[in-house]
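The values are calculated or read from the model by the stated rules, or taken from the named source; none is laboratory data. Model, not experiment: these values are computed from the prediction. A quick note on method: Cβ atoms are made from the backbone with ideal geometry, for glycine too, and the neighbour counts reach across all protein chains shown.
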Amino acid sequence: MLITLSALHFVIILALVFEFTNGMRDASNIVATMISSRAFRPQTALTITALAEFAGPFLFGVTVAKTIGDDIVASNVLSLQALSAGLAGAILWNLLTWFFGIPSSSSHALIGGLVGAALMSSGLTAVKPAGLYKVLLALFLSPIVGFLAGFLVFRLIHLLARNATPRINEFFKRSQLITAIALAFSHGTNDAQKTIGIITLSLIIGGRLKDFSVPFWVILLSASVMALGTSLGGWRLIRTLGGKFYKIRPVHSFATQLTAGFVILSASVAGMPVSTSQVVSSSIIGVGASERFGKVRWGVAADILTAWLITIPAAGALSAAIFWWLK
């Protein structure tokens, strides 16, 4: 019994470490355009974001947590050791991409790590194909939706503001308080639930829960750790998202936050886990391309796309190797 509890506690600690790195990395997705457009000072932007992210999981339910914890892998064949390896692989990939300033996806890393460790430990029987297909479809379609929505939203804003005076920039600058809070709410709703799902799954595997019912303390702990990671920020990635695509003005930031917040929140309500970094990056590109196609530095976008595509197999391979080493 002592060994089981120790293994369970270790998994929960790893899940919270992942949540911390997720909040630290994804802080850049929320605040990069706010800072680059000079709407808010960096620490103010991070504080607003952290508070809104903390509230997100309490306001919009745990449908995404159920998808992550109950629909991808089979709890009856998965071990706590495999779950530990999956989280360790995702954390390692998060830290590597954070160190090099590459805005890859924490969501992709988690899914890749979870599936890689499950396959290595128990084979194909550990993976639920229907749930995995649903998650992969959401992860890969959401950036396309983000790009198209950003493109259309900016065109609509440009149409509505075509006769406005330069003072409209002040409106876009100040209105980012609302759009940034909405984006942070949606991010907390979607991303915090991924760790909530993993911890709940570990409680089922460890025999502490009989079915997938999320305890309140799991939501509170996950939301708190994510907010803490966000408050510390991810400055390397803020520079990547905030300036390398193109020079961001208040209208670009406003349109990006409005677009990304709507896409992520819609996915959360539907129980679909998506990548915040993907949706925000693709929204930034869509907004820039809507103004002028040549405005976007497409070479940077291609580098980020490459990181997106390799994250799931890379994190999966890392997790599988970690599980093999542990065994």
For this session: Specify the residue that is nearest to Gly56 (Cα to Cα); the eligible residues are those in segment 213-238 that are at pLDDT below 80 and of a type in the set (A, V, I, L, M, F, W, C).
Result: Leu232
For this session: Tell me, yes or no, whether segment 25-40 has at least one residue that is assigned to a loop (DSSP other than H, G, I, E, B) and out of contact with any Ser or Thr (no Cβ under 8 Å at 6 or more places or on another chain).
Result: yes
For this session: Return the residue satisfying two criteria in turn: it lies in segment 298-327 and is within 25 Å of Ser283 (Cα to Cα) and more than 19 Å from the chain's Cα centre (by Cα), and of such residues it is surrounded by the most Cβ atoms within 10 Å (Cβ to Cβ).
Result: Val300
For this session: Residues being surrounded by fewer than 24 Cβ atoms within 10 Å (Cβ to Cβ) and in a helix (DSSP H, G or I): count how many of those fall in segment 98-126.
Result: 10
Seminar exercise, completed: Checked pairs for segment 284-297, first free of Cβ contacts under 8 Å to residues at least 60 places away in the same chain and crowded, with 18+ Cβ neighbours inside 10 Å, second assigned to a loop (DSSP other than H, G, I, E, B) and β-branched (Val, Ile, Thr), C-beta under 6 Å and 6 or more apart or across chains, list as Gly288/Val296
Seminar exercise, completed: Here the residues within segment 273-297 that are of a type in the set (Ser, Thr, Tyr) and more than 23 Å from the chain's Cα centre (by Cα) are Ser290
Exercise. Could you say whether any residue in segment 147-160 is at pLDDT 90 or above, small (Gly, Ala, Ser) and under 27 Å from Val31 (Cα atoms)?
Worked result: yes
Exercise. Given the residues Val145, Val218, Val225, Val214, which is the only one that is surrounded by 17 or more Cβ atoms within 10 Å (Cβ to Cβ) and more than 30 Å from Ser75 (Cβ to Cβ)?
Worked result: Val145
Seminar exercise, completed: Scanning segment 148-160 residue by residue, those of a type in the set (A, V, I, L, M), surrounded by fewer than 20 Cβ atoms within 10 Å (Cβ to Cβ) and touching a residue at least 60 places away in the same chain (Cβ under 8 Å) turn out to be Leu148, Leu152, Ile157
